[in-house]
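All remarks here apply to the structure that follows.
Here, each number is a calculation from the coordinates, and none is a lab measurement. These numbers come from a predicted model, not from an experiment. Note that each Cβ is placed from the backbone with ideal geometry, even for glycine, and that neighbours are counted across all protein chains shown.
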Amino acid sequence: MILYLRIGMIRVVVIEDDHDGAEVLAECLRIKGIDVLEKGYNGLEAVQLYKKLKPDFVLLDMLMPFYDGFYGLRKILEFDPKAKVIIVSASIDQDEKEKLTKLGASAIVSKPYEIDALIGALHTINKEKENNLKTRPIII
């Protein structure tokens with residue numbers, strides 16, 4: 001059994017079907033002081049990693065083979081309605097943004113994005129979570 005000591009570091013799981021993209025994002029997050037627990041490559045792995053690791057956040061791509069981001073988002077929130085899932089994806093139109101918001105996404109970050117904007121969203125949502133505040137999803 002792995003126990004994690006909370007010392008203020010935000011813990012995330014990165015889910016991205018592009019292996020190189022997942023590695024680059026994970027490394028950028030680590031450089032910025034975010035603890036990347038694991039990487040996964042489809043919606044099913046997102047659910048499995050969430051259940052196993054209980055991260056503070058799941059950073060979830062939408063367009064993936066086999067099990068997409070909608071599957072991952074729905075199943076994670078069925079398992080834990082308080083889970084924080086940030087959608088990080090290209091090609092999200094307004095209808096999809098509304099659907100993701102209704103499903104319970106904590107934030108929607110469109111690719112390409114500035115890493116500091118993503119880090120800012122993580123910190124903002126984490127602070128709201130720690131203070132038991134409920135706000136509208138962040139859309140970047």
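In deg cm²/dmol and to the nearest 500, what is the mean residue ellipticity at 222 nm of the chain if only DSSP H runs of at least 4 residues count, each as -39500 (n - 2.57), divided by the residue total?
Only helices count here, giving -13500 deg cm²/dmol.
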Only Cα pairs within less than 10 Å get springs; with that Gaussian network setup on the chain, which residue of 17, 93, 68 has the largest fluctuation? 93
Expressed as a whole number of Å, what is the distance separating the alpha-carbon centroids of region 16-79 and region 105-132? 15 Å
³J(HN,Hα), Karplus 6.51/-1.76/1.60, whole Hz, each residue of region 77-85, x for Gly, Pro: 6, 5, 6, 9, x, 8, 4, 9, 10
Could you tell me the relative contact order of region 11-114? Use alpha-carbon pairs under 8 Å, at least six residues apart, and round to a whole percent. 24 percent
Total charge of the residues flanking residue 47 in space, meaning their Cβ is under 10 Å from its Cβ, with Lys and Arg +1 and Asp and Glu -1, is +2
Greater than 22 Å apart at Cα, pairs in 75/97; 52/99; 32/99; 39/127: 52/99; 32/99; 39/127
Could you point to the residue in 33, 64, 21 farthest towards the positive end of region 11-114's charge dipole, with +1 and -1 charges on the Cβ of Lys/Arg and Asp/Glu respectively? 33
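Taking a temperature of 20 °C and a viscosity of 1.002 mPa s, what whole-number D in µm²/s does Stokes-Einstein yield for region 11-114 with Rh from Kirkwood over alpha carbon pairs? Could the numbers behind the result be given before it?
Values: Rh = 13.3 Å.
Stokes-Einstein gives a translational diffusion coefficient of 161 µm²/s.
Treat every Asp and Glu Cβ in region 11-114 as -1 and every Lys and Arg Cβ as +1, leave all other atoms uncharged, and give the resulting dipole magnitude about the Cα centre to the nearest 20 debye. Write down the numbers at each step before the final one.
Values: 15 positive and 19 negative charges, 116 e Å.
With only Lys, Arg, Asp and Glu charged at Cβ, the dipole is about 560 debye.
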Starting from the amide H of residue 139, placed 1.01 Å from N in the peptide plane, find each other amide H under 5 Å away whose residue is 5 or more places distant or on another chain. 108
